[in-house]
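Remarks on the structure that follows.
The values are calculated or read from the model by the stated rules, or taken from the named source; none is laboratory data. All figures in this text were calculated on a predicted structure; none of them were measured in a lab. Using ideal geometry, Cβ is built from the backbone for each residue, glycine included, and neighbour counts are taken over all protein chains shown. Heavy atoms of the whole protein, side chains included, go into the accessibility calculation; ligands, DNA and RNA do not. Shrake-Rupley method; radii C 1.70, N 1.55, O 1.52, S 1.80 Å.
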Amino acid sequence: MTFSYDDDADVLYVTFKEGARRTYVENDQGDVLLLDPQSGEIVGCTILFFLRRAREGPINIPEIGVVPFNQIAGDLLNERKHQSRSH
Amino acid sequence: MAFSSYGKAIVFSTSDFYGNKVTLTEKTWKGHVAPKHVEMVGLENEVERALQDPDEILPSAQFPDVFGFTYYSAALGAYVLGTGTMPTFTVTAAGVPTNVAQMRVVVQYDDPNIALGNTVGKVNTAYPVTFGKNPNFGTAIYKKKK
């Protein structure tokens, strides 16, 4: 699993499996799930307004099971604090 | 997790349907959207067109300052479906919707009253969407007349 965070847009891109062809499905929480169209397996997830939502409460995406989003959010916030101190 | 360094370079800055200035940065596009939503590669102009002449504009169900611009893109359809024509909605045996040829461009504005045309926004992300599925968004505030 890999993560890529766009701090300008506050979007977290999660990749479980690289693949050429995916289908995009929006879930009820405001996330975009990337599915393998053949197997239905979730191969990625795009989480919009990640830190904005994390500040409001724990992020839980039932479709993808246990991912330490709160830990990731904490790390990102610490990284931001560190960056703003060093500027 | 590494932060990419594209500085403040922009892919485009354009007027949306209401006249608001919306910007797409290189950092967001080249650093994140294109590598992660690979179907969008090369479709920067289509994203800009989606903002200027959308099929519909949907308010976010979560945040009042966020809107989704939906746009039927023949270029995206040609890539995803190999046809470039509007498909009918189908699902695979695994229950996964397959016909995706519309794109959704998510924009965050400084002011939620976008219809006034005097605010600014930035593109947060863009991705192909599946017909009939838009639970993230509320009722359209604009729908193009066919």
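Of note, B:Thr23 does not satisfy the criterion of being modelled with pLDDT of 95 or more, part of a helix (DSSP H, G or I) and of a type in the set (Ser, Thr, Tyr). The residues in region A:30-58 that are modelled with pLDDT under 85 and under 25 Å from B:Val123 (Cβ atoms) can be counted, and the count is 1. Here the condition is being surrounded by 13 or more Cβ atoms within 10 Å (Cβ to Cβ) and in contact with an Asp or Glu (Cβ under 6 Å, 6 or more places away or on another chain); of A:Ile64, A:Ile47, it holds for A:Ile47 alone.
Which one is farthest from the other protein chains (Cβ to nearest Cβ), of the residues in region A:7-31 that are of a type in the set (Ser, Thr, Tyr) and either part of a loop (DSSP other than H, G, I, E, B) or under 10 Å from the mean Cα position of the chain (by Cα) (or both)?
First, the residues of region A:7-31 that are of a type in the set (Ser, Thr, Tyr): A:13, A:15, A:23-24.
Cutting the leftovers down to either part of a loop (DSSP other than H, G, I, E, B) or under 10 Å from the mean Cα position of the chain (by Cα) (or both) gives us A:13, A:15.
Numbers: A:Tyr13: 4, A:Thr15: 7 Å.
In this case the residue turns out to be A:Thr15.
Among the residues of region A:63-72, those identified as touching a residue at least 12 places away in the same chain (Cβ under 8 Å) and out of contact with any Phe, Trp or Tyr (no Cβ under 7 Å at 6 or more places or on another chain) are A:Glu63, A:Ile64, A:Val67, A:Phe69, A:Asn70. When A:Ser39, A:Ser4 are checked against the criterion of being facing chain B (nearest Cβ under 9 Å), part of a loop (DSSP other than H, G, I, E, B) and without any contact (Cβ under 8 Å) to a residue 12 or more places away in the chain, A:Ser39 stands alone in meeting it. Selection of region A:67-79 for residues being open to solvent by 80 Å² or more (accessible area, probe 1.4 Å) and within 14 Å of another protein chain (Cβ to nearest Cβ) yields A:Gln71, A:Asn78.
Which one of these is in a loop (DSSP other than H, G, I, E, B), modelled with pLDDT of 70 or more, more than 10 Å from chain A (Cβ to nearest Cβ) and under 13 Å from the mean Cα position of the chain (by Cα): B:Pro54, B:Pro59, B:Pro64? Spell out the reasoning first.
Working: B:Pro59 fails: in a loop (DSSP other than H, G, I, E, B); B:Pro64 fails: under 13 Å from the mean Cα position of the chain (by Cα).
Result: B:Pro54 is the single residue among B:Pro54, B:Pro59, B:Pro64 that is in a loop (DSSP other than H, G, I, E, B), modelled with pLDDT of 70 or more, more than 10 Å from chain A (Cβ to nearest Cβ) and under 13 Å from the mean Cα position of the chain (by Cα).
Scanning region B:100-134 for residues that are at pLDDT below 90, more than 8 Å from chain A (Cβ to nearest Cβ) and surrounded by 21 or more Cβ atoms within 10 Å (Cβ to Cβ), which turns out farthest from the chain's Cα centre (by Cα)? The selected residue is B:Ala101.
Scanning region A:18-35 for residues that are open to solvent by 40 Å² or more (accessible area, probe 1.4 Å) and within 19 Å of B:Val41 (Cβ to Cβ) returns A:Glu18, A:Ala20, A:Arg21.
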